[in-house]
């Protein structure tokens, strides 16, 4: 098998003294959709933050294409091509949509072909083109999410991590967002996705990992998960 | 007479209307569940009822008394207590002190506070903690408690104000299925003491099992009001909120429950 | 042992030790410095209620102290009010001033409070210093607030006449008495319902309000309560030094006092007291440095905040790490 | 009419000085939530360094000004490395850094007291001559100050709006975590902002001392006014601060003329209190809805 894009071994991380992740192992293969599911408040977002360097890693290693990135600053990690679309969008509220997107291309090598990438993002998310001069703080929930994803795409190639892209959205908007995500997969993008609703991704994800109480308790493909209703019942509820 | 009566309640922030012309009643002893997409104005409705962010239109009556423009602490004294979406707490204080705040200040207006909280207040706080089964956490610092304990603590301090009406904003957000069951038990116990409850929740299992009646909001307006079982038959609700998938799952869940009880 | 009982025990031991001081060190210098220490300790213990317990970043405490001092002096100077009546009256005047400041800060968040209160103190200073118009001419030109030179000759507690040799010991015990009252008040407030309300409002104002605590009422309470003894301490300071001038507004003094609270431990009962003691001693120590004294104190303050952000009192605390700092965010 | 020109001329000069003094303060608060209480001392230091450069080293005034700005930028950088950076790691940053910078300001002020003595010294950097508008003699010094301020403000605006660094600063001040996720090295942004703020403080210190005098405590008054400007504009709002500074300068000139110097500061304060009661987050500040 080809070298994975991301390999995490025995990772422990948390916030001042409180350990949220303990003994996490994860492999994200290239050009695949890897999904993390599990109840809220059990470390999914913390894991993405630890990968991005926002949360300090207290033990274990994170390697990007064989090169260790744990312990690096967030900007260094982004510079190496680990892009996160955070939960709750975290747009720059006082900037226009266009400026938000251009901030996405802040990385040195993304800045060079920002123009071409902008066309690509506008083609993928036409709503953003309409709204490009609007101040981001005044967008509706669905538009904000699209702006957040578009901003992530502006950063160029690399690992794309999406933290609950469907959170708090009306089902119709969720469908649109997932259409974009699946399109990106089909185009060969490596994606690490955190999602609360397992059903939504069981058919499309290449591998699914169930995170509970700071560690992975089950891994497999979607069909296997559907065959184990007791797992869904115990961890995710109906 | 209904315990709570909202008449044409509206709330706008400048040009943005968060809640629009909302009318509904809550009968004493009832549990009303509120659902709807994020940004539908559910939490804003709670802000309006609890007075933290007063209504810009309409009126709200509690037991026939107009509380629309009352200060939030007055509304608390009048008998409405609330829990919050995020795990609000007095983080540097002990769990017991958190509940004492509710027991001492939440029941009546204290213009001239006494030098000590007093026996009765302390007993009320201990009772509220015992009811939610968190008495053993009394001396822990609140900021260091795990999520479930913080949520139960928030409920205990609400109960300590001896409310007629309890507003609960996503009481099981971020909890595992097992923890959801524990909160569900707690809510049933609270209800058994005669407290009327309005709860906002996205976890439909929780919402439909506890509620006598469900109200669905969308873009600040009421798009559905009725029994939980009718939720999955309503086209609008499915279209804007549940989606076909969630609706089917809910239907089968309720079906299995019927079968189990019947 | 309950916390209150422990506090009372600590308090009794300290008072007993303090009573022995004038007999162990009969020299005037030690007793006078200790008296000054008591005065500053009263101020920081009260200030700590606002700053540490209430989490309200008010820098107006020295302006309140000045209010008490000026009110005492002016009552004595203009109306010949006896000092025993003037000082408590000045306390009441200070309470009114404190409540006004509390009212002005009611809707403001952390740094805005700091700026507003600092500006209020500064404007009082500027008004007093710039005032050169003669208000009376008895005994030379005298502006209403005394101008740069301040106000003198307004009266005395009477100890100087009564015991010309040992009046400073009498003042020592008066100041000690004030401090005992101040600490007792601080214990009652921090451990009682008022403290519960103040801390609740500090930790989470929105949540506190929804649990029935009126922000308006308790903000006024906290400013009123902490103003009263601060004003009285100001009055005593005026009587003790027999003159009040605009130096009480000095930024160095403000810094010195705020350093006491921070070094000792914000929001705790004994922290400010400990900090006051440590800084008075440190000040004594750097006196040799004369001109470099303020630099030394500044360095001390900066190092303390960076190395021991919770204050000295945390070293004695058995409790696990506790966020005692004011939440301004 | 002459009175009007007089007020506008001195008001604009005051406003220009306050704007330069305020922008740095506002930038720092906007990006770090740090209220830099040492700002006034840095401002004074700038004035003295320029004086020392001209008087003792015999530098060309422009060179002395640039040198003062550069050295004060270093002081800003040192404050970041020595105080802000370690405090950012602990809880209660806003409170701690506030008090720590009070201490730093006091240290600087006392060092200057030691180095330059307590007595006021004239600032040698002066532009002689004046122009006549109507019947009013407007000193060239005032126009020079106005010119420098306009250039500096334009430069700051250009950097903020048009450069990669500027976008990073704005992004960091709007959302620190999001900026990090875009690849912004926020530590460097903080250092840059404090350095720029130090340099601007130095320039404003030179300006202020050139129409008044140099003394170790001269920074207190402009810092307080800079705070007032910040508060009126809404903390961290850079452009609002420029507008508020100019309005404040004009207002101060007008009240000085109408009520006399003695009451002008009290009047300004009254206005601030009223503004804060009317809008607790300042004129251009956004009200934050706190969700629980």
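Readers should treat all values here as calculations from the given coordinates under stated rules, not as data from a laboratory. This structure is a prediction, so every number in the text was calculated from the model and none was measured. Note: ideal-geometry Cβ built from the backbone for every residue, glycine included; neighbour counts use all protein chains shown.
Averaged over the residues of D:169-175, the number of partner chain Cβ atoms lying within 10 Å of the residue Cβ comes to 5. For chain C, the relative contact order is 30 percent, taking Cα pairs closer than 8 Å that sit 6 or more residues apart in sequence and dividing their mean separation by the residue count. With distances taken between every two different alpha-carbon atoms, the protein assembly as shown has a Kirkwood hydrodynamic radius of 32.3 Å. Rounded to the nearest 0.05, the FRET efficiency derived from the C-beta distance between residue D:162 and residue A:59 at R0 = 30 Å is 0.10.
Beta bridges assigned by DSSP with both partners in chain B are antiparallel in approximately 55 percent of cases. Taking the longest Cα principal axis of chain A as reference, the axis of helix A:141-154 is set at about 90 degrees.
Peptide C:300-309 is shielded by partner chain Cβ atoms: per residue, an average of 6 of them sit within 10 Å of its Cβ.
When each of the peptides A:4-11, B:246-253 is scored by the mean number of other C-beta atoms lying within 10 Å of its residues, the order from highest to lowest reads A:4-11, B:246-253. For region C:251-313 versus region B:127-157, the inter-centroid distance based on Cα atoms is 38 Å. For region A:70-127, what D do you get in µm² per second when you plug the Kirkwood radius from alpha-carbon pairs into Stokes-Einstein at 20 °C and 1.002 mPa s? Using the Kirkwood radius from Cα pairs, D works out to 168 µm²/s.
Where both bridge residues fall in chain A, DSSP classifies roughly 60% of the beta bridges as antiparallel.
Please work out the ratio of the alpha-carbon Rg of region C:173-303 to 2.2 N^0.38 Å and round it to two decimals. Kindly include the intermediate steps, with their values, before the conclusion.
On the way: Rg = 17.4 Å, N = 131, 2.2 N^0.38 = 14.0 Å.
Working it through for region C:173-303, the quotient is 1.24.
Taking the DSSP beta bridges in the protein assembly as shown as the whole, what percent of them are antiparallel, to the nearest 5? Here the antiparallel bridges make up roughly 60 percent for the protein assembly as shown. Only helices enter the 222 nm calculation for chain C: every DSSP H run of n ≥ 4 contributes -39,500 (n - 2.57), and dividing by all residues gives -23000 deg cm²/dmol, rounded to 500. Enclosing the Cα atoms of chain C in their convex hull gives a volume equal to 147 cubic angstrom per residue.
Put the Cα centre of region A:32-58 next to the Cα centre of region C:160-198 and the gap is 55 Å. Once you divide the Cα radius of gyration of region B:90-162 by 2.2 N^0.38 Å, the number left is 1.03. Quotient of the Cα radius of gyration of region D:17-168 and 2.2 N^0.38 Å, N being its number of residues: 1.20.
Restricted to Cα atoms, region A:1-43 shows a radius of gyration and a Dmax of 12.7, 38 angstrom.
Relative to the longest principal axis of the Cα atoms of chain B, the long axis of helix B:119-131 lies at roughly 40 degrees.
Compute the Cα gyration tensor for chain B, then decide on rounded, prolate or oblate, letting a ≥ b ≥ c be the square roots of its eigenvalues: rounded whenever a/c is under 1.5, prolate when a/b is larger than b/c in the other cases, and oblate in all that remain.
Oblate shape, in that a/c is at least 1.5 and b/c is the bigger or equal ratio.
Over the C-alpha trace of chain A, radius of gyration and Dmax come out as 17.3, 50 angstrom.
Judged by the gyration tensor of its Cα atoms, with axes a ≥ b ≥ c, region D:140-292 is oblate; a/c meets the 1.5 cut and b/c is at least as large as a/b.
Quantify how strongly other chains surround peptide C:187-199 by giving the mean number of their Cβ atoms within 10 Å of each of its Cβ atoms. Could you put the intermediate results ahead of the total?
Numbers: counts 0, 2, 2, 0, 3, 6, 12, 5, 3, 10, 5, 0, 5.
Mean number of neighbouring Cβ atoms from other chains: 4.
Taking other C-beta atoms within 10 angstrom as a stand-in for reagent exposure, B:82, A:65 fall in the order A:65, B:82, fewest first.
Starting from the alpha-carbon convex hull of chain D, give the projected area averaged over all orientations, in nm².
16.5 nm²
Residue order for C:201, D:140, fewest other beta carbons within 10 angstrom first, comes to D:140, C:201. Reducing region D:63-89 and region C:15-39 to their Cα centroids gives an inter-centroid distance of 44 Å. Arranged from fewest to most other beta-carbon atoms within 10 Å of their beta carbon, C:191, A:145 become C:191, A:145. Using only Cα atoms, find the angle between the long axis of helix A:171-186 and the longest principal axis of chain A, and express it within 0 to 90 degrees, rounded to the nearest 10. Compared with the principal axis, the helix lies near 80 degrees.
Taking 8 Å as the Cα distance limit and 6 or more residues as the minimum spacing, I'd like the relative contact order of chain A as a percentage.
Values: 454 pairs, mean separation 64.7, N = 238.
The normalised contact order for chain A reaches 27 percent.
Take every Cα pair under 8 Å whose residues are at least 6 apart in sequence, average their separation, divide by the length of chain B, and the relative contact order is 24 percent.
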